[in-house]
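The next block holds one structure in the form of structure tokens; read it before the comments.
The values are calculated or read from the model by the stated rules, or taken from the named source; none is laboratory data. Note that the coordinates shown come from a computational prediction; the quantities given were computed from them, not determined experimentally. Here the Cβ is made from the backbone with ideal geometry for all residues, glycine too, and neighbour counts use every protein chain on show. Only protein heavy atoms, including side chains, enter the accessible area calculation; ligands, DNA and RNA are left aside. Shrake-Rupley method; radii C 1.70, N 1.55, O 1.52, S 1.80 Å.
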Amino acid sequence: QVQLVESGGGLVQAGGSLRLSCVASGSTFLIRIMGWYRQAPGKQRELVASIAPGDLTTYGESVKGRFTISRDNAKNTVYLSMNSLKPEDTAVYYCTTNLFGTDYWGEGTLVTVSE
């Protein structure tokens, strides 16, 4: 099993930046791909970014060029650097991974971007 804990959310003005962190514990040696999803009020959860072995990254269309996902394997941590934030980026951001067909999710961290 894996436990995921996100941090780094908060209130920021449009155009600002934030960096989210997700620390994994448990069977971290089994982790391969990790990702960030977000869910805004009244909307479905959507992929923000993912990172696979070899630092192969994938981004949602709405965040390409503004967000960067990275990982520090020694710290069992994945990061999401968010720049040029927009009000529409307001959401709860969740860290996730999948082990042997089971999805694991953190509790989420709220990002609020004001006008």
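Scanning the stretch 81-96 for residues that are open to solvent by 10 Å² or more (accessible area, probe 1.4 Å), at negative phi, in contact with a Lys or Arg (Cβ under 6 Å, 6 or more places away or on another chain) and of a type in the set (G, A, S) turns up at least one hit.
Does the stretch 54-70 hold any residues that are under 18 Å from T96 (Cα atoms) and modelled with pLDDT of 95 or more, and which are they? Matches in the stretch 54-70: L56, T57, T58, Y59, G60, V63, F67, T68, I69, S70.
Among the residues making up the stretch 101-115, those that are in contact (Cβ under 8 Å) with a residue 12 or more places away in the chain and farther than 13 Å from Q39 by Cβ are Y104, T112, V113, S114, E115. Residues in the stretch 65-89 that are over 10 Å from the mean Cα position of the chain (by Cα) and of a type in the set (V, I, T): T77 only. If only residues of the stretch 38-78 that are among the polar types (S, T, N, Q) and over 23 Å from Q3 (Cβ atoms) are counted, the one that is surrounded by the fewest Cβ atoms within 10 Å (Cβ to Cβ) is Q44.
The conditions of being modelled with pLDDT of 95 or more, in contact with a helix residue (DSSP H, G or I) (Cβ under 9 Å, 6 or more places away or on another chain) and more than 16 Å from R19 (Cβ to Cβ) are met by E88. With respect to the conditions (1) in contact with a Phe, Trp or Tyr (Cβ under 8 Å, 6 or more places away or on another chain); (2) over 14 Å from W36 (Cα atoms); (3) free of Cβ contacts under 8 Å to residues at least 60 places away in the same chain, N83 lacks only one, and its number is (3). Q3 falls short on exactly one of the conditions (1) within 14 Å of T112 (Cα to Cα); (2) among the polar types (S, T, N, Q); (3) in a strand (DSSP E or B), and that condition is (1). Mind checking whether some residue in the stretch 20-32 is out of contact with any strand residue (DSSP E or B) (no Cβ under 8 Å at 6 or more places or on another chain), open to solvent by 20 Å² or more (accessible area, probe 1.4 Å) and either in a strand (DSSP E or B) or among the β-branched types (V, I, T) (or both)? No; the residues of the stretch 20-32 include none that is out of contact with any strand residue (DSSP E or B) (no Cβ under 8 Å at 6 or more places or on another chain), open to solvent by 20 Å² or more (accessible area, probe 1.4 Å) and either in a strand (DSSP E or B) or among the β-branched types (V, I, T) (or both).
Would you mention how many residues in the stretch 1-19 are surrounded by 14 or more Cβ atoms within 10 Å (Cβ to Cβ) and at pLDDT below 95? Summing the residues that are surrounded by 14 or more Cβ atoms within 10 Å (Cβ to Cβ) and at pLDDT below 95 in the stretch 1-19 gives 1. Looking across the stretch 57-103, just one residue is of a type in the set (G, A, S) and touching a Leu at 6+ places or on another chain (Cβ under 6 Å), and that is G60.
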